[in-house]
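Data block below; observations after.
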Amino acid sequence: MMSQNRNLDGVPEGRAMTPAEFKVVREFLGLTEEWLAEHVGVSPATVEEWEQGLEHVPGAVRAALGDLDRLTGEFVGKAVAGLADLPEPGIVTYRNDLEYRAAHPESEYPASWHRAVVARVAQKVPGLSIAYATDVVSDDVKVSAQ
């Protein structure tokens with residue numbers, strides 16, 4: 001059996017996303033309903049309607065998710081490349097958007113996206129140490145006892 005061509009979001013080309021596919025992709029990318037709604041210019045209620053199948057997911061939204069997936073993959077690739085040869089690789093992440101914005105004011109993404117990125121990096125970097133940025137007491141990503 002011949003496999004179907006798939007876009008970056010994993011959904012076969014030539015058909016609309018199902019509500020389940022939409023939610024899985026959104027969650028895989030670590031995006032909240034609120035953040036995605038603001039990003040694509042709709043209300044959070046509209047995102048919920050897409051996830052519940054009350055409204056069809058527009059092609060432009062599918063394309064936006066594909067773009068976000070591609071950019072996220074590039075970010076993961078760069079992080080993996082930067083950590084791969086370290087003897088004790090470590091990475092920090094953030095508890096909430098306030099902490100993330102304080103550390104990365106240039107980023108438009110939510111802290112939940114960053115945590116999803118870190119999870120994907122951890123799958124590719126053996127022995128990766130993960131800590132919250134506020135718990136790091138040195139550049140070694142050794143965490144405090146508190």
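The values are calculated or read from the model by the stated rules, or taken from the named source; none is laboratory data. Since this is a predicted model, take the numbers as computed values, not measurements. All Cβ positions, even for glycine, are placed from backbone atoms using ideal geometry, and neighbour counts span all protein chains on display. The area values use the complete protein model at the heavy-atom level, side chains included, leaving out ligands, DNA and RNA. Shrake-Rupley method; radii C 1.70, N 1.55, O 1.52, S 1.80 Å.
Keeping to the range 1-54, report how many residues are among the hydroxyl-bearing types (Ser, Thr, Tyr) and at pLDDT 95 or above. Before the answer, list the steps.
Let us first name the residues in the range 1-54 that are among the hydroxyl-bearing types (Ser, Thr, Tyr), namely 3, 18, 32, 43, 46.
Narrowing further to those that are at pLDDT 95 or above: 32, 43, 46.
Count: 3.
Those residues that are open to solvent by 70 Å² or more (accessible area, probe 1.4 Å), modelled with pLDDT of 85 or more and touching a strand residue (DSSP E or B) at 6+ places or on another chain (Cβ under 7 Å), I need them from the range 120-146; list them, please.
Those that are open to solvent by 70 Å² or more (accessible area, probe 1.4 Å), modelled with pLDDT of 85 or more and touching a strand residue (DSSP E or B) at 6+ places or on another chain (Cβ under 7 Å): Ile130, Tyr132.
I need every pair where a residue in the range 59-77 that is within 11 Å of Val117 (Cα to Cα) and open to solvent by 30 Å² or more (accessible area, probe 1.4 Å) has its Cβ under 8 Å from the Cβ of a residue that is modelled with pLDDT of 95 or more and among the small types (Gly, Ala, Ser), sequence separation at least 6 or different chains.
Note: no pairs meet the criteria.
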